[in-house]
Structures are given as structure tokens and as C-alpha cells.
1. Which of the residues belonging to region 163-174 are open to solvent by 80 Å² or more (accessible area, probe 1.4 Å) and of a type outside the set (A, V, I, L, M)?
2. Among the residues of region 180-200, count how many are touching a residue at least 24 places away in the same chain (Cβ under 8 Å) and open to solvent by 50 Å² or more (accessible area, probe 1.4 Å).
3. Identify the residue in region 126-158 that is in a helix (DSSP H, G or I) and among the small types (Gly, Ala, Ser) and, among all such residues, is farthest from Asp176 (Cα to Cα).
4. Scan Leu177, Leu238, Leu203 and give me the residue that is modelled with pLDDT of 95 or more, among the aliphatic types (A, V, I, L, M) and either within 30 Å of Lys111 (Cα to Cα) or surrounded by 14 or more Cβ atoms within 10 Å (Cβ to Cβ) (or both).
5. Let me confirm something: among Ser36, Ser19, which residue is in a loop (DSSP other than H, G, I, E, B), modelled with pLDDT under 95 and of a type outside the set (Lys, Arg)?
6. Mind checking whether some residue in region 152-162 is open to solvent by less than 50 Å² (accessible area, probe 1.4 Å) and touching a residue at least 40 places away in the same chain (Cβ under 8 Å)?
7. Can you give me the number of residues within region 100-119 that are modelled with pLDDT of 85 or more and farther than 16 Å from His90 by Cα?
8. Quick one: count up the residues across region 135-163 that are out of contact with any helix residue (DSSP H, G or I) (no Cβ under 6 Å at 6 or more places or on another chain), among the hydrophobic types (A, V, I, L, M, F, W, C) and at pLDDT 95 or above.
Amino acid sequence: MKILKEDTNNTINIKIKDSNIMNTTTSNPVDQLSTSELEAALKDRKKSEAKKLEKEKAEYEKNRDEKVLTMMLTAQALFRELGEFKQYMHIEMEDQALKLAGYGKIRGNSKGGFSISNAEDTMRIKRRRDTEPSWDERSSKAIELIKEFLSDTIKKRDVKLHEILLSFLERNANGDLEYSRVMDLYKHEDKFDDPRWKEGLRLIKESFSNHLKGFGYEFKLKDANGHWQNIILNFSSL
């Protein structure tokens, strides 16, 4: 900063020069706009941003819909092919079952399930007999008798055993007894001689039936380490 003094007619004038001092004040265009002009500019900005978002939305939805359509068409095609393949399996495996029966490789008491493998024993196909257990109206009376006996007798002596035996009679979400639980209940058949217990178990046994739902198929392929690997195809809902 330099300070210069000038003496003119006994008057001292001081001038300050500083190359580092600059006038940084500039005019701001926004400050020069009127309120209506600002509102108009803001409206245009919002309109531009909304247009951009709408374009991005349209592009996203178009891309999404194309993918959904492609995947759905593929799924439908595979579903049809899987259904056709299941029918093909029914025909071929039934034919194989007849040939095996004639060849003597299926037991006389077989209910339809069997497996076949290739000569190298690296590929195996199994036909599985899928059944559905059920109990008729007699099971309701059986459960009533058993629960009455358990509450009157067992609960007083062994609360834990009482709860375990009751759990074997619980029904599932469909209102049916569970086969595995009923089998566990039978394991305790000889523990009690009460007539209600004996009659209840007898009625459960008589009310039981096992219905054939159909045949399922399992496919296995042996890997390089000699382990069987499952090829999972869900036929159950077809």
C-alpha cells in the first residue's frame, strides 16, 4: 500500500493506492428481477424438473414392464413344458414298470414306486408314490375320549407327559391330524389300560386312510467325486 501526499495551495490531499484492493461488488441478476419475474422463473424451473422426472419415470416403467413380460412369458413356457414333461414321465415310467414287472424286478407287493439307473450307475430316476393320509369323522370321537382320559388321569400324575401326548393330537392349519404325530402317539399305546384310551386309539386307527395323490419323480446325477446330486423339478403342483 502506498500513501502519497500532495501539497497544493497548502491543501494536503492523500491518495491511497493498493494493487491488492479490488472492487468486488458485482450486480446480481436475481436482485434485478421483479417478484413476478422470480415467480415465473421458479415456475419454469419446477416445470422443467417435473418434465425430467416424468421422463425418467416413463423410461423406468417401460424397462420394468418389458422385463416383467419377458420373464413371465418364459415362466409360462417353462410351466407348459414341465407339465408336458410330467405327462411324458408318467407314460415312460409306467411302461418301464410293466417291463420290470414282467422281468421280475418289481416286488409283488410294490405299490408303484421304483428306481432305475443306467449301466454305469451315474444317473438315477426314481418314481415316488405320493400319498395323503386322512382321518374320517371317527377321529373326532377318538380325540374326545383320549383327551378326557388324559385330563382325568395323566394330568394329575405327570403334567409334562400329559402335554406331550396332547401335542400328538394337534391338528394342522388344514384341520387335519399329522401322520408323524399320530405315529408317535401309537408308541404309547401299551402304557395305559383305561378303556377310553384303548377305544380312542382303536377309533383313530379305524378312521385312517391313505389316498394316492399321484406319482412324483426324482432325478439324481453322480458327480466326479461319486456323490449323488439332485436335479430338482417340482411336479407336485402340476
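The values are calculated or read from the model by the stated rules, or taken from the named source; none is laboratory data. Just so you know, these numbers come straight off a predicted model, no measurement behind them. Because the Cβ atoms are built from the backbone with ideal geometry, glycine has one as well, and the counts that use them run over all protein chains shown. Only protein heavy atoms, including side chains, enter the accessible area calculation; ligands, DNA and RNA are left aside. Shrake-Rupley method; radii C 1.70, N 1.55, O 1.52, S 1.80 Å.
1. Within region 163-174, Glu163, Glu170, Arg171, Asn174 meet the criteria.
2. Qualifying residue count for the region: 2.
3. Restricting to residues being in a helix (DSSP H, G or I) and among the small types (Gly, Ala, Ser), the top hit is Ser151.
4. Result of the check over Leu177, Leu238, Leu203: Leu203.
5. Answer to the selection: Ser19.
6. Scanning region 152-162, I find at least one residue that is open to solvent by less than 50 Å² (accessible area, probe 1.4 Å) and touching a residue at least 40 places away in the same chain (Cβ under 8 Å), so the answer is yes.
7. 3
8. Final tally of qualifying residues: 1.
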